[in-house]
1. Please compute, for peptide A:129-141, the average count of beta-carbon atoms on other protein chains lying within 10 Å of each residue's beta-carbon.
2. For B:Arg134, enumerate residues with amide H under 5 Å from its amide H, sequence gap 5+ or separate chain, H modeled in the peptide plane.
3. For the ranges A:53-62, A:17-26, what's the packing order if you count other beta-carbon atoms within 10 Å of each residue, average per peptide, and put the highest first?
4. Please list, ordered by chain and number, the residues whose modelled amide H lies under 5 Å from the amide H of A:Ile166; skip anything fewer than 5 residues away on the same chain.
5. Quick one: 3J(HN,Hα) in Hz for the range B:205-211, Karplus 6.51/-1.76/1.60 with θ = phi - 60°, rounded, Gly and Pro as x.
6. Which distance in nm do the two modelled labels at A:Asn73 and A:Ser137 give, with both placed 7 Å along the Cα-to-Cβ direction?
7. Using a Förster distance of 60 angstrom, determine the FRET efficiency expected from the C-beta separation of B:Lys239 and B:Lys177, and round it to 0.05.
8. Could you work out the mean count of beta carbons from other protein chains within 10 Å of each residue's beta carbon in B:116-122?
Amino acid sequence: MLEQNNTNDNKNLKLPTDLIYLLEAIIFSSVEPSPLAVLEKKINEYFQELSLNPVSKKQIQIKLDELCEVYKNRAVNLVQLSSGYCFEINSSFCELLKPATQSRSSRPSKAYLETITLIAYKQPITRSEIEAIRGVSVSSNIIRDLLERDWIKVAGHKNTPGMPAIYETTKHFLDSFHLQSLQDLPQVNFEKIQNEADLNS
Amino acid sequence: MNHSATPLEPKEYKAPQSLYIPPEALEVYLECFSGPLDLLLYLIRQKNLSISEVSIKKITDQYLNYIQNISHLKFELVAEYLLMAAILAEIKSKELLPKNNNEDEDEQAQMLVENLRQYEILTDAVDQLNQLERLDRDFFRCEVKNIVYPQKQKSFDKNLNLTVSNLYSSFEELMIKKERFKKYEVIFDSISTSEKMDEIMQKLKRQNGEFIRFEQLLNAKEGRLGLVVQLISLLELTKEGSIDMKQFSDGLIYARAK
């Protein structure tokens, strides 16, 4: 028994404790972008197991900035997205990588883009409100695809006859367009159409 | 717009004077517009006009020209275009009428212009959004799939108390377990009514015409199905008139052969 404990201790001594590499490992292995809070939790759980002192968010932030700097001039960059940190291939390699990924990014239709644009700018919005502006019915396929792609979510139901779903964009949508928040959307003069619902009713 | 430009670029397209588009082509052509507002906006831009200065009358003629050709085609596809045609035609017809009430007459036209303006803003927004860097189109995420984290393995106990008798007893246990998985086959006894009728008749005949308790004729050992067949046989025999069934004053049912 005594012997076993000793080996455990020895093993722990060999485990890495360098914050910057720990962060790199966590972010790289995560499928979804890692928010600061999650990083802090994982690191401190790990440190607790090793009986090490916990680290603050600020310390982690400093190391993250350092790590960003390390990857700055590489093909792979560490980027801070709306939902957290993640590794991305620099967009200048887009041409090189395109053939392999072409099928995934099949060109969205005009109707598709119009729908997501309206949801992005006019959220929260119902389907009939989208239809009022577009002048055509919105196909269920588009809504379903947007939901599956995790670009939009149902934020609730409007308290009008039929209880239509209210759509909003997700954090993943912001991540997908390299936006930190909805305020970063390109400026478009959408104010004029505030009372479009009244006009169409 | 780089990524969803309409196939008909303004340069290679001449404003239709005597337009003829084969209906089949028009169907394809319509599909590249996202709706009647899109088509209308396209027609207006074609003339290098802005929405506010466009004459509904002129644009109506042109729009109807397009729609006429397709009205006999797929209605699902063109329903919304036809609705717009109706709105345009209504506005136009109102404009042709002598004007009585200035406020009222323009309302519908104004609404259409407002809709068009909104739609124009939307197309602008679409262009801008489409120009943003987009995941899986312009940049790619590093994806690590199916990471297998080394799990803490159950350590083997090297001091396992393994002896021949241990092995033997566990084998024995297995054999006992195996016994419990014996297969049983359910065999159906086919009981025929006519056989049963004969049986009952013989039984009754042995009584030499004396009455016998109804219950005595039934054999519960043959199970539910057997009892049903026995009852049917008894009823059948009664129907034939081969036996008598009677209820006596004691409330019990008796039977005898005739």
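What follows is calculated from the coordinates using simple rules that are stated; it is not laboratory data. Given the structure is predicted, the values throughout are model-derived calculations rather than measurements. Cβ placement follows ideal geometry from the backbone for every residue including glycine, while neighbour counts extend to all protein chains displayed.
1. Details: counts 0, 1, 2, 2, 6, 10, 17, 11, 3, 0, 0, 0, 0.
Mean number of neighbouring Cβ atoms from other chains: 4.
2. For B:Arg134, whose amide H was placed from the backbone, the distant partners under 5 Å are B:Phe139.
3. Details: A:53-62: 12.5, A:17-26: 15.4.
Output ranking for A:53-62, A:17-26: A:17-26, A:53-62.
4. Close amide H contacts, sequence-distant or interchain: A:Ala155, A:Gly156, A:His157, A:Lys158.
5. The phi angles translate into 5, 5, 7, 6, x, 7, 6 Hz.
6. Here the answer is 5.8 nm between the modelled labels.
7. Details: r = 55 Å, r/R0 = 0.92.
In this case the efficiency is close to 0.60.
8. The mean count of partner-chain Cβ atoms within 10 Å per residue comes to 6.
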